[in-house]
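Asker: Handing you this structure, nothing more for now.
What follows draws every value from the coordinates through simple rules; no lab data is involved. Remember, predicted model here, so these are calculated numbers, not experimental data. Note that we place each Cβ from the backbone using ideal geometry, even for glycine, and neighbour counts take in every protein chain shown.
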Amino acid sequence: MSHLNAVSTLMVAGSFLIVTLIGFASARWRPAEDLLQLNEWGLGGRGFGTFVSWFLLGGDIYTAYTFIAVPALVYATGAAGFYALSYTIMVFPIVFIFAPRLWSVARAHGYVTPGEFVRGRKGSQGLGLAVAATGILATMPYIALQLVGIESVLTVMGIGSTSGNVFVRDLPLIIAFAVVAGYTYMAGLRAPALIAFVKDILIYVTVIVAILYIPSRIGGWGHIFGAASAHLKTVNPATHKPYGSIVVLPAGEWAYATLALGSALALFVYPHASTGVFAAKRRDVIRRNAAMLPAYTLVLGLIALFGYMARAVPAVNAGVKADGNNPQLSVPLLFAHMFPSWFAGIGYSAIVVGALVPAAIMSIAAANLFTRTIYKELLKPDATPAQETRVARVASLVMKIGALGFALELNKTFSINLQLLGGIWILQTFPAIVISLYTRWFHRSALIFGWAVGMAYGTVQAYRTSGGGQAHFGASAAPVFGHITYIGISALILNVAVAAVLTVIFNRVGVTDGYDQTRPADYRADPVPVPAAANATTRVPFNRRRPGPSAGRAGAPAGGSASSPPWERADSAVADSAADRAADAPAAPAAPAPAAAPGTVPGPRSPAAPSGHHRAKHAR
């Protein structure tokens, strides 16, 4: 794309090296009692406070998609690209409501992934597997988007892009894969949590300088918006329609609104976002961060303006056209032509590091899903905590290889559609995860059928949609009853409708529903963290569990022995409903139970024969 600039290259190489060293050294930060515990490797010991969680969630959510794909969409189509700003405004009130409940129930039961929660809540191994498989499938293109962001920077820097050798041409993605794979394998979630501090500093510095400096060099904001508006009004010879508009036109309002809403609903059911939630050490940490994270939304709005800035620079337009009209290069080219070489290197570093952090978190989240919901449930129910962690480490490598496949094989011109395709898929898990936090009305089998219908419809419709020079998977919106609508929302409506109808039918004919392992108090619990060893209980395979006093606590022995986490021993009896108490089977007491008073029936929940939970509590 351009001649190699030694100064910019040295800046990027130096930043890359520093981040890599931090990633490997992070294994010694907040050292774990035993890093071969999935809670430690995959969730950082569930010990991140408000400050660390703010950087972690910001690094998790605001990615190379922020720096590359959003300005590229604004560069190419105008105001439509600002849907990302709208959905990040909507998402945090939604998260403020449901994420603390998800955190509480996950902490009370030792869940590491949303798939485990769904399995426990709905009593359905199949539904848990569906959520896990969808999360893994949706995460791969999201990781690929990060790798494409790195490749865009290195292409503009002139590294590897002009070679006829396939290996050399794809070397940027291979390098990114190797680095992320190395430090995530060693340090787990601690690595991206620590690197996120560097990432955010680089991003804030770059954005502030760009917003203040670049307009002064190209004639001010009036010239920027004038140039962008003039181009967007011209007719695209391929579609015979204008390229876009600087404001959302009436014909595009429905697509814009549904895309923003669907993206907001999908964001925090992604595995990597829920991983950031589960890693918090207290319930109030989640609420504080939901209140403070909109600060990143302000930065996102400024970054989206980079697309208009790039459109006002003739040299950037020429560079994009020379690379086959690839708008993904617009921001790196803007930095190359507007900044001195040394500061362009800082801007490039912000994009590269901004891709490495979320890619690491995403691969860890997908590995957690595979390990706990697939490997542990189906392949090796008696796996030890150390075996779980080793499998998760290997799985994280496999996830990156899959993401490389997405990045190398699919068209890069509109890499934002990689993420939007994943959004269509992950949105189909919303009923099983978020709605289930509040009600069990939906039948477990009905949710599986609804999920299957939504996935099938969304994938087929996305495949049939052309755009951006692609015959398939070219756009994420399609006509529905005369309105251009985000495919994910259409699929979700169909998903919920099918699940609701089948729930009524299954309940009417008496199809057995699953057993709920959770209790009402679990959704408000704010337990004190315990050492990793205390959480390393042996979980019974799902198909071998029976509804009983300990079934609601994955892996807890009957009666709540001393090996159970303290909040399980103290709170389980309080949370049981009258129906659960009637269904519970008697647990074998550790010592002979006192004689029952006349007129009472001794049992594990009877006042005459206190449960093991209460005996342990009174003994203390």
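Asker: Could you give the length gained on full extension between L379 and V509, defined as 0.36 nm per residue of separation minus the Cα-Cα distance, in nm?
Answerer: Result: 43.4 nm gained on full extension.
Asker: Restricting to Cα atoms and excluding each atom paired with itself, what does the Kirkwood estimate give for the stretch 321-469 in Å?
Answerer: For the stretch 321-469, inverting the mean 1/r across all distinct Cα pairs yields 19.0 Å.
Asker: In nm, to one decimal, how far is the N236 label point from the R169 one, both placed 7 Å along Cα→Cβ?
Answerer: 2.5 nm
Asker: Another question about this same structure. Give, as a single signed number, the net charge of other residues whose beta carbon lies under 11 Å from the beta carbon of Y375, with Lys and Arg counted +1 and Asp and Glu -1.
Answerer: Overall, the nearby charge balance is +2.
Asker: Given the convex hull of the Cα atoms of the stretch 7-133, what is a quarter of its surface area in nm²?
Answerer: 11.7 nm²
Asker: Which pairs, out of K199/K281; K241/K321; K122/K376; K199/K321; K122/K199, put more than 28 Å between their alpha-carbon atoms?
Answerer: From the list (K199/K281; K241/K321; K122/K376; K199/K321; K122/K199), the Cα-Cα distance tops 28 Å for K199/K321; K122/K199.
Asker: Then there's this: Highest mean first, what order results for 391-399, 91-99 on Cβ atoms within 10 Å?
Answerer: Per-residue mean Cβ counts within 10 Å order the peptides as 391-399, 91-99.
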